[in-house]
Amino acid sequence: VGRAQHDTSTLLAASYLLASSHHIMGSSADDDVMTIDGVRLVMVLPGIVAALLALLFVLVNMTQLAKLKTGKDIGKPKLDQLSKQIKDGARAFLMAEYYYLAWFVAFLSVVLLVIFSLQYDATGSQGVRTFAGFIVGAALSASAGWMGMMVATDGNVRTTVACIGTESEDDPKALPEGLAVAFKTGSIMGFTVVGLGLFGVSSMVLILGMGYSDTHTMQVMSGFGFGASAIALFARVAGGIYTKAADVGADLVGKLEAGIDEDDPHNPAVIADNVGDNVGDVAGMGADLFESYVGSIIAAATLGVGSADKMLLPFFLSAAGVVCAMLGCFAVSTNETGKSGKNTNMAGLMWALEKGMYLAGILFVGAAAGICAWLKEMKSFGCVIIGLVAGMMIGKVTEYFTSFDFAPVRSITDRGKTGAATVVIQGLGVGMLSCVPPTVIIVAAILACAALEGDYGVAIAAVGMLATLGITLATDAYGPVADNAGGLAEMDPSVPSYVRDRTDCLDALGNTTAATGKGFAIGSAVLTSLSLLAAFKAQAFSSDIDESTDTSALYAMGGLDIGDPVILSGVIFGAMLPYMFAALTMISVGKAAAEIIQEVRRQFAEVDGLLNVIKRATAGETISEEEDVLPESDRCVKISTESSVREMIAPGAYAILAPLFVGFLVGPRCLMGMLSGAISSGCMVAIMMSNAGGAWDNSKKYCEALGIKKTDQGKACIVGDTVGDPFKDTSGPSLNILIKLMSMVSLTIAPLLRDNADWYRSYLGVVPLALFIICSAVLVMKGILTWKDPLGDLGGSDAKTLEEEGLKSTDIEIAGPGEKDL
């Protein structure tokens, strides 16, 4: 589920836009069936009940988790201290991020209130309802991320303690119990997302739809999706920059220069690295998938306007999926002993998680068949099956390109024999080639669903893919928990080394399950993007015409011929935007990482005794607690927080302003082209970056499995992994939200652009264009958009100064001759 989220959102974006388009065509003929005194109890009641069950499930698991042992219960209080450092750092980051996002949400909600109040005066309170939906969507999206992060930082230390077990290397229960605790923590995250999401979308349909027809109800629900999209973008971008800046900084100086192991407590960036696992892979992912989940439901329901059965179906399927996912969680268990963790049967551990997902999937297929038969929507059932099969196929293809059990990743490791450059070249090739099979599968699924049920079939396939998100997200969210648990075990010298072997097994298992989840993410993102695009077309152009003569305003403007210069210009401009967005986030990671690198080098040079301790530890000596010298980790946490919040501004501002000035300046036809180009290139770039990053990551892990991690070949693969970190965890996952957010902005302004000719009232577009230019100028003046080396203004030591101050005298390899300027 994890890293391929970006691709999921591509699909989700389409469903949403497409959906909103159909509701503009008129109210449902089945409004009397759907409403009871204007309240859609029939439609939303199953979703509300299932959501409450999910949140009750979360509460029970949280209570059980709180009763589990922590470090102080087994005489290792340092584990609790380290866990608290990680939790405090994660909380500080989210507090800083949400402070700025609160102002952003307040401003944008007022803008929506004004726009919709002026545009839809015939419906009275539509501006107020859209305003309320936007705020609630943003609040629930942020809450999903916050709650998930809080639980993950509580579960990491309990997972470590479970893996310690009886402090015996032959303890047969330690590994299974560690798996159970990590999965329980992940399940809290997964069902928090689906519980809040399903409750939010169902209750908002109930409240915002009072006295409204189906058409206008789903119109105001676009505000709810817009709020979720806006928060998700900033949460994903800022969290991704934070986690990868700390990770890259810790790896380059710690592993390559100082030669110390990952999560060594003497690395000043190690706490920031572990904090990053939570703010990026948990909080950011939670907000992202919350948006995807509710977006697919709203899109399908909106496309179903005009048929009570089609409007009911996405809510019923989602409710059934929640229950099936909960039942699947009870099947997750393992009899693998693992002992020290080495030579553990990874296939057996994988089956422990897979049998839960398979059970949930089988139960859901049965439930979906019954629901579709009851509603007489068996063609829609066919679309659900197509979507599920396509998602599974993409997952297996992704696993092929990213697992070191197969040739693509091993080929990258082999290139490490000739240096880091060939590792990077091979990884890029693998990532680009990995776009081919998913594209073929997605295209086939879209054509098949469209043949069965048209646009609605594509949207309902996305709902089916994400219906059991609770358990799918649980299997992925437990990965960062296991990663943190391993970090805690490494940082506390009193924890035996075999405990780290056990946590490494759990971490490796999380990397494998991410591939399957990624398949569902890719499929649903592309399907939703397609729906969103069609929705914008329906809202921006009149359709009440005689199809035989086609006298619409769109026809008068020249239609949507791809060869039209206006549309082609929009396609080209839109295709560029994902590259610009990815570049901004990549450069942001590089700048933030440079600041971390500078601080780590400074501490190595200036903290008394730190280098001597590193030298002794590297030689295998045991360092007593009295002799140990620890770095100033809080400084790296502060640097990562400040840089990530600062660097998220540019990508978010451009994502919102680009469709505004294109739509108002040139017109809806150009904007239609822009969205088409952005979805097409964004999907490909997201797949490429995600799979290339995953392949580089596992090429490094393959070196570890072969025992060549500290050789030149292993170091070359570490460089590749460092390059791939922002690929798979920052830029790639953010692209799906970029596409959906631009689509939602376009959908919001579509009524203002309805049937506008090219360049009609183009002076209105000067305002967002001026804001775009002013924003860029301010970012340049503030040093956020700059080519300048961030190390030049930070003071401190460069590589030469470090050597002069005696860093090289520790006999620790700091940099090779060709890496002095790193």
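Could you work out what % of the accessible surface of the range 669-777 is carbon and sulfur, using a 1.4 angstrom probe and leaving DNA, RNA and ligands out of the count? Each step should come with its number before you reach the end.
Numbers: 2130 of 3180 Å².
The value for the range 669-777 is 67 percent carbon and sulfur by accessible area.
Ranked highest first by the average count of other Cβ atoms within 10 Å around their residues, in what order do 706-715, 51-60 fall? Write down the numbers at each step before the final one.
Values: 706-715: 16.3, 51-60: 18.2.
Per-residue Cβ counts within 10 Å, averaged per peptide and sorted highest first, yield 51-60, 706-715.
Derived scalar couplings between HN and Hα for the range 135-148 equal 5, 5, x, 5, 5, 5, 4, 5, 5, 4, x, 5, 5, x Hz in order, rounded to whole Hz, by the Karplus curve 6.51 cos²θ - 1.76 cosθ + 1.60 (θ = phi - 60°), x for Gly and Pro. Computed with a 1.4 Å probe over protein heavy atoms only, the accessible surface of the range 123-260 comes to 20 Å² per residue. Extending 7 Å from Cα along the Cβ direction at D170 and again at W374 yields two label points whose distance is 5.5 nm. Highest average first, the peptides 146-159, 497-510 ordered by how many other beta carbon atoms sit within 10 Å of their residues are 146-159, 497-510.
Rolling a 1.4 Å probe over the protein chains gives E595 an accessible area of about 30 Å². Shown are M576, M674, whose ranking by accessible area with a 1.4 Å probe and every protein chain present, most to least, is M576, M674.
Can you sort I773, I567 by 1.4 Å-probe accessible area, starting with the largest?
Values: I773 105, I567 10 Å².
Correct descending sequence by accessible area is I773, I567.
For the residue pairs K417/K700; K67/K701; K244/K638, alpha carbon separations beyond 23 Å are given by K67/K701.
Rounded to the nearest whole Hz, the Karplus-based 3J(HN,Hα) values (6.51 cos²θ - 1.76 cosθ + 1.60, θ = phi - 60°) of the range 88-97 follow the sequence 5, x, 5, 5, 4, 5, 5, 4, 5, 5, with x at glycine and proline. For the range 640-790, the relative contact order works out to 43 percent when only alpha carbon pairs closer than 8 Å and six or more residues apart are counted. For the peptides 691-697, 137-143, 100-106, the ranking by mean Cβ contacts within 10 Å, running from highest to lowest, is 691-697, 137-143, 100-106.
For the range 71-223, averaging the sequence separation of C-alpha pairs within contact (under 8 Å, six or more residues apart) and dividing by the residue count gives a relative contact order of 25 percent. The HN-Hα couplings worked out from phi for the range 101-111 by the Karplus form 6.51 cos²θ - 1.76 cosθ + 1.60 (θ = phi - 60°) are 5, 4, 5, 4, 5, 4, 5, 5, 5, 5, 4 Hz, whole numbers, x standing for Gly and Pro. Rounded to 0.05, the FRET efficiency of the A92 and D755 pair, given R0 = 45 Å and the Cβ-Cβ distance, is 0.35.
Around V181, with a cut-off of 13 angstrom between Cβ atoms, what is the net charge of the other residues, counting Lys and Arg +1 and Asp and Glu -1? Computed value for this residue: +4.
So if R0 is 56 Å, what FRET efficiency would K72 and V766 give, r being the distance between their Cβ atoms, rounded to the nearest 0.05? The partial results should precede the final answer.
On the way: r = 63 Å, r/R0 = 1.12.
So the FRET efficiency works out to roughly 0.35.
The values are calculated or read from the model by the stated rules, or taken from the named source; none is laboratory data. As the structure is a computational prediction, the values presented were derived from the model and not from experiment. Reconstructed Cβ throughout: ideal geometry from the backbone, glycine too, with neighbour counts over all protein chains shown. Calculation scope for accessible area: heavy atoms of the full protein, side chains included, ligands and nucleic acids excluded. Shrake-Rupley method; radii C 1.70, N 1.55, O 1.52, S 1.80 Å.
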